[in-house]
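Below is one structure, written out as structure tokens, with a few remarks after it.
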Amino acid sequence: PARLEFKQVHPSLIPETTAIEDYPAGYEVLTEEIEDRRSGEVYELSRFVKKIPEATGDIIKTAFASQTQTGGFQINLEMTEEGAKRFRLVTEKLVNKPLAIVLDGKLYSAPTINEPLSKNAQISGSFSQREAIDLANVLNNPLSVELVVDEMFEVGPTLAEDTRNSSNKAVQLGGILVVGFMILYYFFGGLIAVLSAITNVILVLGILASLGATLTLPGVAALVLTLGMGVDANILILERIREERLLGKSPESSLTNGFNKVISTILDANVTTLITALILFWLGTGPVKGFGLTMAIGIVASVFCALFVTRTLADLLVNKLKVKQLLGLNLLPKKKIDFFKFRKPAFLLSWIIVIVGVSSVVTQKDSILGIDFTGGDEMTIEYTEKMSIEDLMQTEGLASVGEFNPAYQKLLGEDKEILKIQTRFDQSREALSILQSAFPQANFVEVGVNQIGASVSQGIQMNALISVLCALVGILLYVAFRFEIGYGVGAVVATIHDVLMTIGLFVLLGSMGFFVSGQFTAPMLAAILMIVGYSINDTIVVFDRIREELEMNPGMNLKAII
């Protein structure tokens, strides 16, 4: 928001030649930055400007930027009907005198009024094109009342320290297990896959940093997804190389054939996921857009790493260093399992779980949405002894309150910290009572309660739903183009099935007490988007192999191929 003011400049005095004790009453010192167009140097010019404005930005009807005859840029102003009358009176009074143009307390220009103006005017100065456009944009939204900061708090991270620590431990453990499995199962090939995955992460983080993007929780989910897909791509490559070796081919030939056969699979799987990412970024807002951006960057990076980094390292080992045993143990020998024998009971059980889960979502729709989606109470609490967030979260009896989010905040400029708790509507005082009973030494005292709105608004929810539906249509069209329409329908149905089953089981198991909360929070939105991406990727990998087998064995029974 911009507060534009037109102010009178003192006709004779300037700050540089005036003693402080002789500063004129009712005036303040404002400084204008002026750029010398020949040298490019910027110098400052201070002026005495009246504190009370002659007119404010509400006299402006519209503002737009344009180029001047000298190649510079100016802002053109068109006044309202009442504004034109006011501006006429002001400029008549100040003919041959400067009129200061002040935006949010900063002096932008002080042009001399050559003649009385009314309906139209221009703000000229040392503006670049971008500065002129930005200034015109803010002038189209003027506030007649300036903003005043009442309180400013230093807000801690949403993820408390103990949550971050446990998340880091989970990441470390997961990473150790994946690296250990890859090296044990694929030997040198696994080491290559690990190096390729590390390169992938560095590339994604580097590109995000160069774009000035921040890594949010949905962004982390997208990063994990792309990392998983990158490892998957390497596994596809290594398994194809293993198949070639089992056919008795040389290491060099196996490497070349393995890569050639897997390229289309990797591209198809990642292009379908990229379509999802681009549509989420294009149509999404807030967390959905951040997820789409990170995933799009990650997909391009993972394809690059799989097809170039992995290939380069594998070529180095096999063709240059003459490593004969690229792969390690074959712990999962090829078996013929008649999956089709179980298709009917599996299908029936699968969709029963989906129906039961979705039914539980419908019946509990008023209680499953968390504070992020519904809003709730935010209570400010003072205390004498600080308790850890972990202790507060584990307080016995808080389960009856439902969702409970504590956070410490510090008032900037003061050495004082307060506790803020967020609960569902009208549950904050019950939560406080439980905390007071559990921690009498803390002396928790209520300062005030506010009702807060949802951080994930209905607009974001609807936007996420529309984005996912459009992504599914995009996938259907791409798969129909690359395969057949039947494959596309299968991919979409499989994805919808996976999402519905996840949501249903989450709510169902939560209501049965298997974990603390079966409520939807903002991280759940990221998790669902992650499932959409991974489900599509895996489905296309399977479809691509089926299509390849059909092309190689056109007379073979489809059921046997699947």
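The values are calculated or read from the model by the stated rules, or taken from the named source; none is laboratory data. Since this is a predicted model, take the numbers as computed values, not measurements. With ligands, DNA and RNA removed, areas are computed over all heavy atoms of the protein, side chains included. Shrake-Rupley method; radii C 1.70, N 1.55, O 1.52, S 1.80 Å.
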Discussion item. With just the Cα atoms defining each centre, how far is the stretch 487-562 from the stretch 288-309? Give it in Å.
Written reply: 20 Å
Response to the item:
The answer for the stretch 241-335, accessible area per residue at 1.4 Å probe in Å², is 47 Å²
Response to the item:
Beyond 18 Å (Cα-Cα) in this structure, taken from 386/416; 7/106; 261/559; 61/106; 50/106; 249/322, we find 261/559; 61/106
Worksheet item: What does the accessible area per residue of the stretch 463-562 come to in Å², with a 1.4 Å probe and no ligands, DNA or RNA counted?
Response: 49 Å²
Worksheet item: Of the heavy-atom accessible surface of the stretch 436-528 (probe 1.4 angstrom), what whole percent is carbon and sulfur?
Response: 69 percent
Worksheet item: Over its Cα atoms, what ratio of radius of gyration to 2.2 N^0.38 Å does the stretch 267-362 give?
Response: 1.71
Worksheet entry | 25 °C / 0.890 mPa s Stokes-Einstein diffusion coefficient of the stretch 220-294, Kirkwood radius on C-alpha pairs, µm²/s | 177 µm²/s
Practice prompt. Pop out the Kirkwood hydrodynamic radius of the stretch 265-317 from its pairwise C-alpha distances, inverse of mean 1/r, in Å to one decimal.
Written response: 11.8 Å
Worksheet entry | Sulfur and carbon atoms: percent of accessible area, the stretch 255-367 [1.4 Å] | 73 percent
Fill in: Amide H within-cut-off set for residue 375, under 5 Å, with H built and near neighbours excluded
454, 455
Worksheet item: Where does the chain land on Rg(C-alpha)/(2.2 N^0.38 Å)?
Response: 1.33
Worksheet item: Ordering 538, 268 from largest to smallest accessible area (1.4 angstrom probe), what's the sequence?
Response: 538, 268
Response to the item:
Semi-axes a, b, c in Å (a largest) for the stretch 346-478, each sqrt of 5 times a Cα gyration tensor eigenvalue, come to 39, 20, 13
